[in-house]
Amino acid sequence: LGIHLALRGTKQVHLLMRRMDQLGKGDFHSAVPVIVQDDLGKLAKVFNSMTTDLASSRAQLQNYATSLEGMVAERTKELDAANKRLEDLSQKDGLTGLFNRRHFDETLPLMWRVAQREAKTLFLILFDVDHFKQFNDRHGHPAGDSMLIDCAQAWQAQLEPPALLARYGGEEFAALLPGTGLTAAASILDRVRRNTPGE
């Protein structure tokens, strides 16, 4: 009987050791079979209870980590959108939505270098709204702003990429027409003039 109990105790120890090895490899779900009712059996029961608690805690941690990853992804998306808005604000005119003077000043030398390298034309057209100050004085600044927006939209519709239209300042606008021939540039300029609101 004593030998039998000793063998069962030894087997219980081996089962505990194997289970600890499995736990070390990330298996939180297997239980140690309890084959003795002495202190070793109690130890096996305590070990099973601990691993059950660990498995539960691990599942909670995994859920928390998944939730945290989702929150980080959402915040990253919001940050990317905010950065895009900031980039747009740094390049776009707040009133008309056209490119602003800063973007125009940065783009002109780049387009010029490309035109030189590829031996292509680059037309620059500067134009403004006639009698804008008088219009503003007579109708007020909100009406003047509305006119600038209408003009910007009408002129932008006459241009196709890679042409670039920018608000140069006040009622002044600039267009860059890369790779456009003289006849085509004159035609675009005429269309812009004819499609000016109020003309």
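A few comments on the model shown:
- Fully extended contour minus Cα-Cα distance, from residue 115 to residue 193, at 0.36 nm per residue: 25.5 nm
- Length gained on full extension, residue 13 to residue 42: 9.3 nm, using 0.36 nm per residue less the C-alpha separation.
- Built amide H within the under 5 Å cut-off of residue 122, gap 5+: 179
- Contact order relative to length of the chain, as percent, for alpha carbon pairs under 8 angstrom and 6 or more apart: 17 percent
- Model label sites at residue 88 and residue 50, defined 7 Å from Cα along the beta-carbon direction, differ in position by 5.8 nm.
- For the chain, the residue among 71, 164, 134 whose Cα projects farthest onto the positive side of the dipole built from Cβ charges is 71.
- Ordering of 112-121, 142-151 by packing is 142-151, 112-121, highest average first (other Cβ atoms within 10 Å, averaged per residue).
- For the chain, modelled as a GNM whose springs connect Cα atoms under 10 angstrom apart, the maximal fluctuation among 126, 165, 68 occurs at 68.
- Candidate residues 99, 127: accessible-area rank, largest first, probe 1.4 Å: 99, 127
The values are calculated or read from the model by the stated rules, or taken from the named source; none is laboratory data. Not measured: the values here are computed from a predicted model. Cβ atoms come from the backbone with ideal geometry, glycine included; neighbour counts cover every protein chain shown. Note: areas computed on protein heavy atoms with side chains; ligands, DNA, RNA excluded. Shrake-Rupley method; radii C 1.70, N 1.55, O 1.52, S 1.80 Å.
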